[in-house]
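Enquirer: Mind looking over this structure? Questions follow.
The values are calculated or read from the model by the stated rules, or taken from the named source; none is laboratory data. The structure displayed is predicted, hence computed values, not measured ones. Here the Cβ positions follow ideal geometry from the backbone for every residue, glycine too, while neighbour counts run over all protein chains shown.
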Amino acid sequence: MAGHSKWANIKRQKARVDAVKGKTFAKVSRAIIVAARTGGADPNANFQLRTAIDKAKAAGIPNDNIERAIAKGAGTFGADDSNLEEIRYEGYGPGGVAILIEALTDNRNRTAADLRAAFGKSGGNLGETGCVGWMFDQKGIVAVKGKPKLQGRREVFDLDEDELLEASLEGGAESYELTEVDEDTPGAEVFTDPANLEALAQALKTADYAIVRSELRWIPNNNLEVTDPDQARSLLKLMDALEELDDVQTVTANFEMAEELMSLSMA
C-alpha cells in the first residue's frame with residue numbers, strides 16, 4: 001500500500017480524535033478564515049470555503065465554531081487573522097524521503113524554527129524552496145462511496161466501475177483509484193486538474209455519487225520503498241511531529257511501506 005495513501009487514512013482518523021482536544025479546529029479554523037477572506041462568506045459561491053467546512057464537519061467540529069471562523073474571515077466577528085499567509089516548506093526525512101508541507105502562519109520565523117526542530121529530532125532536515133517540490137504534482141481529488149440505494153431498510157452504496165469511469169470522464173477526470181474512502185468503506189478517489197476540482201465534484205454529485213470529500217492533494221511522481229524498521233519508525237515519528245504543529249495544514253511524503261511495517265512502527 002502506498003505510504004502517502006495509508007498515511008492520509010491515518011490522518012483522517014487522528015483528526016476525529018484530535019478534534020476533541022481542539023487541535024484539528026485550530027488548523028481547519030485557519031483554512032476557513034482564509035477561504036472566507038479571499039472568496040467570500042457564502043459557501044455556495046466559494047468552493048474553497050465549502051471544502052474547508054466539509055473537513056471541519058467530518059472532524060466533528062460544532063457548527064457554532066465553524067460559523068464563528070467564517071465570520072472572522074468575513075470581518076464580521078472580531079479579529080480576522082488577516083496576517084495569515086500560505087507557505088510551502090520542503091525537506092528530507094530519514095533515508096532521503098522527500099517531504100512537502102503546506103502551512104498557514106502569522107510568523108514565518110516561528111514556523112520555520114518549529115519545522116527545523118521537528119526534522120532534526122528525527123534524522124531529517126528542512127531544505128530550501130524547490131529542493132523536492134519538483135517530485136510532486138498537485139491534483140484535485142474527489143472521493144466517492146458509490147450510488148446510494150436501499151437494501152431492505154439499510155442504505156448501501158453501489159459502485160459500478162464502468163459507470164464510475166463514464167461519469168468521471170464526463171466530469172473531466174484524469175484517472176481514478178479504487179480504495180477505502182472512509183473507515184473501511186469501499187469507494188474510489190477520482191483525480192483531476194486542480195482547476196477542474198469543483199466541476200468534477202459537481203458532475204459526480206449530479207450522477208448520484210455520494211461525495212465523501214473534495215480536496216487538493218500533492219501526489220509524488222515516484223516513491224521510495226521503506227523496508228528498514230528503524231527508518232520506518234523515525235520517518236513516521238517525523239510525519240506525526242510535523243502534523244502536530246499548529247501552523248501545518250498538510251504533510252505529504254514520497255514513501256511506500258508495507259502496512260504491517262507501518263502498524264508495527266506506530267505501535
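Enquirer: Quick check on this structure: which one of 210, 201, 232 is outside the structural domain of residue 125 (by TED's automatic domain parsing), small (Gly, Ala, Ser) and either farther than 22 Å from residue 102 by Cβ or surrounded by fewer than 17 Cβ atoms within 10 Å (Cβ to Cβ) (or both)?
Expert: Exactly one of 210, 201, 232 is outside the structural domain of residue 125 (by TED's automatic domain parsing), small (Gly, Ala, Ser) and either farther than 22 Å from residue 102 by Cβ or surrounded by fewer than 17 Cβ atoms within 10 Å (Cβ to Cβ) (or both), namely 210.
Enquirer: Being of a type in the set (Val, Ile, Thr) and more than 17 Å from residue 216 (Cβ to Cβ) is the filter here; which residues of region 100-116 pass it?
Expert: Matches in region 100-116: 105, 111.
Enquirer: Same structure, new question: Please indicate, with yes or no, whether at least one residue in region 175-192 is surrounded by 13 or more Cβ atoms within 10 Å (Cβ to Cβ) and assigned to a loop (DSSP other than H, G, I, E, B).
Expert: Looking through region 175-192, none of the residues is surrounded by 13 or more Cβ atoms within 10 Å (Cβ to Cβ) and assigned to a loop (DSSP other than H, G, I, E, B).
Enquirer: Okay, moving on. What is the residue count in region 176-224 for residues that are in contact with an Asp or Glu (Cβ under 7 Å, 6 or more places away or on another chain), β-branched (Val, Ile, Thr) and under 13 Å from residue 139 (Cα atoms)?
Expert: Counting residues in region 176-224 that are in contact with an Asp or Glu (Cβ under 7 Å, 6 or more places away or on another chain), β-branched (Val, Ile, Thr) and under 13 Å from residue 139 (Cα atoms) gives 2.
Enquirer: Please work out which residue is modelled with the highest pLDDT, limiting yourself to region 206-241 and to residues that are in a helix (DSSP H, G or I) and under 24 Å from residue 191 (Cβ atoms).
Expert: Of everything passing the filter in region 206-241, 206 is modelled with the highest pLDDT.
Enquirer: Here's something else I'd like to know. Between 54, 42, which is surrounded by fewer than 23 Cβ atoms within 10 Å (Cβ to Cβ), modelled with pLDDT of 90 or more and closer than 21 Å to residue 199 by Cβ?
Expert: 42
Enquirer: For residue 198, all conditions in the list (1) outside any helix (DSSP H, G or I); (2) of a type outside the set (A, V, I, L, M); (3) modelled with pLDDT of 90 or more hold save one; what is the number of the exception?
Expert: Only one criterion is unmet by residue 198, namely (1).
Enquirer: Here's a follow-up. Condition check: modelled with pLDDT under 95, in a helix (DSSP H, G or I) and of a type in the set (A, V, I, L, M, F, W, C). Does residue 49 satisfy that?
Expert: Taking the combined requirement at face value, the residue satisfies it.
Enquirer: Can you tell me which residues in region 159-187 are of a type in the set (Phe, Trp, Tyr) and within 14 Å of residue 208 (Cα to Cα)?
Expert: Matches in region 159-187: none.
Enquirer: For region 213-229, enumerate the residues that are out of contact with any helix residue (DSSP H, G or I) (no Cβ under 8 Å at 6 or more places or on another chain) and surrounded by fewer than 14 Cβ atoms within 10 Å (Cβ to Cβ).
Expert: Passing the criteria: only 225.
Enquirer: Restricting to region 242-267, and then to whatever is closer than 21 Å to residue 117 by Cα and of a type in the set (Asp, Glu), can you tell me which residue is modelled with the highest pLDDT?
Expert: Residue satisfying both the conditions and the ranking: 247.
Enquirer: Among the residues of region 128-155, which ones are within 18 Å of residue 206 (Cα to Cα) and modelled with pLDDT under 90?
Expert: Across region 128-155, the qualifying residues are 145, 146, 147, 148, 149.
Enquirer: Follow-up question, since we're still on this one. What are the pairs, 6+ residues apart or on separate chains, where a residue within region 46-67 that is under 14 Å from residue 211 (Cα atoms) has its Cβ under 9 Å from a residue that is surrounded by fewer than 16 Cβ atoms within 10 Å (Cβ to Cβ) and of a type in the set (S, T, N, Q)?
Expert: As it stands, the answer is 50/44; 57/63, since those pairs meet every condition given.
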